[in-house]
Amino acid sequence: MSENTSPTVNHPPLKVVPARYPWRLAGAVFSVFVLLAIVQSIATNPRWEWGVFRQWFFDPVILSGLGKTLLLTLLGTLFGIIFGTALALARLSKSYLLNSLAWGYIWLFRSLPLLLVLIILYNFSYLYDNLSIGIPFTSLSFFSTPTVDLLDQFSVAVLGLSLVQSAYTAEIIRGGILGVEHGQHEAAAALGLPAYRRTFRIILPQALRSILPTGFNEVISLAKGTSIVYVLSMPELFYTVQVIYNRTQQVIPLLMVATVWYLLITTVLSVLQYYVERYFSRGTVRQVAPTPLQRLRQWRLARS
């Protein structure tokens, strides 16, 4: 052994003390206390009339209104995505005419309240007796039909929701596409791919990661926003509840019926958003985080 070698010193083992956060614990306890107080006041106050709530929650009339709300949400989302994607691509087009027309459409329908759009569409037959497709400034017409037959309550609701939703969806998709690095566009072009394949096979899949969170937020807003079609006297969920409580004067329990159904719709859409985002995150993370069900299964296996 060399003379310069220092003798080995036996240090005592380090004592690891976990960090303590007393204010965080106090805040959590206070939050639970407030939550319990709210739950007690709602559960024990007889004026909430939970018996009436149970009576109407699964009533066929309510379920029919719920079905119309879901159908409006589905069609508004579907047409909003189709029109919104076309508008976003037009906004990104190098054609000045397409870009200007798409900008004008988005500017118009983002400026107008949805309520105003619905009322104007519902009174469209006052302005035009017939809707025709033909050559402007000539008498040549290929198709013509009475406006009253074409625009009933349901079609006006779907059209109004789709027109407004597509304007917002277009800007979300355009923002997602612009968020993709320019090098990806150049690399796709260098491969000699046609423009539509570059867009739909390379650019849009990458843009979806930033489009999805905001896009699902818009879908959830649309599901709640369908309640505004009550101005058309269309029996969706909120209008149906209104009609019933105007007849029975049981306002609060029937509003709670609508509240719980809207909460369930939002919950289902949030769960769907989680799994869709998780699916599209596979290309960016080394290992996808386990789902809550997978974590529960792992926890049970570890305890068994």
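The values are calculated or read from the model by the stated rules, or taken from the named source; none is laboratory data. Everything quoted here is computed from the prediction, not taken from an experiment. Cβ: placed from backbone, ideal geometry, glycine included. Neighbour counts: every protein chain shown. These accessible areas exclude ligands, DNA and RNA; they are computed on the full protein's heavy atoms, side chains included. Shrake-Rupley method; radii C 1.70, N 1.55, O 1.52, S 1.80 Å.
Applying 1/(1 + (r/R0)^6) with r as the Cβ-Cβ distance of Val260 and Asn123 and R0 = 30 angstrom yields a FRET efficiency of 0.30.
Take every pair of alpha-carbon atoms less than 8 Å apart whose residues are at least six positions apart; their mean separation over the length of the range 117-242 yields a relative contact order of 25 percent.
3J(HN,Hα) couplings calculated from phi for the range 188-195 with the Karplus curve 6.51 cos²θ - 1.76 cosθ + 1.60 (θ = phi - 60°) are, in sequence order, 5, 5, 5, 6, x, 6, x, 4 Hz; Gly and Pro show x. With contacts taken as Cα pairs under 8 Å at a separation of at least 6 residues, the chain carries a relative contact order of 24 percent. Against the chain, whose longest principal axis is taken from its Cα atoms, helix 237-248 shows a tilt of about 80°. Among the protein heavy atoms, those of Ser111 account for about 70 Å² of accessible surface (1.4 Å probe, every chain in place). Between Tyr239, Tyr122, Tyr279, the Gaussian network model of the chain with springs among Cα atoms under 10 angstrom shows the greatest mean-square fluctuation at Tyr279. Evaluating 6.51 cos²θ - 1.76 cosθ + 1.60 at θ = phi - 60° for every residue in the range 162-177, the Karplus couplings come out as 5, 4, 6, 5, 5, 5, 6, 4, 4, 5, 5, 5, 4, x, x, 5 Hz, glycine and proline recorded as x.
Within the assembled protein chains, the solvent-accessible surface assigned to Lys224 is about 100 Å², based on a 1.4 Å probe.
Within the full protein context, the accessible area of Phe53 is estimated at about 30 Å² for a probe radius of 1.4 Å. Solvent-accessible surface of protein heavy atoms, probed at 1.4 angstrom with all chains present, puts Phe154, Phe216, Phe142 in the order Phe142, Phe154, Phe216, largest first. Based on protein heavy atoms only, the chain ends up with 69 Å² per residue of surface accessible to a 1.4 Å probe.
Under a 5 Å amide H cut-off, with hydrogens placed 1.01 Å from N, Asn130 pairs with Thr147 among residues at least 5 apart or on other chains.
Residue separation of Ala37 and Asn217 scaled by 0.36 nm, minus their Cα-Cα distance, works out to 61.8 nm of gained length. The modelled label-to-label distance for the pair Tyr279/Ala28, using points 7 Å beyond Cα in the direction of Cβ, is 3.5 nm. Averaging the sequence gap over all C-alpha pairs within less than 8 Å and six or more residues apart, then dividing by the number of residues, gives the range 214-271 a relative contact order of 37 percent. Whole-Hz Karplus values for the range 133-150 come out as 10, x, 9, x, 6, 10, 8, 6, 10, 8, 8, 8, 8, x, 4, 4, 6, 8 Hz, taken residue by residue from phi with 6.51 cos²θ - 1.76 cosθ + 1.60 and θ = phi - 60°; glycine and proline positions read x.
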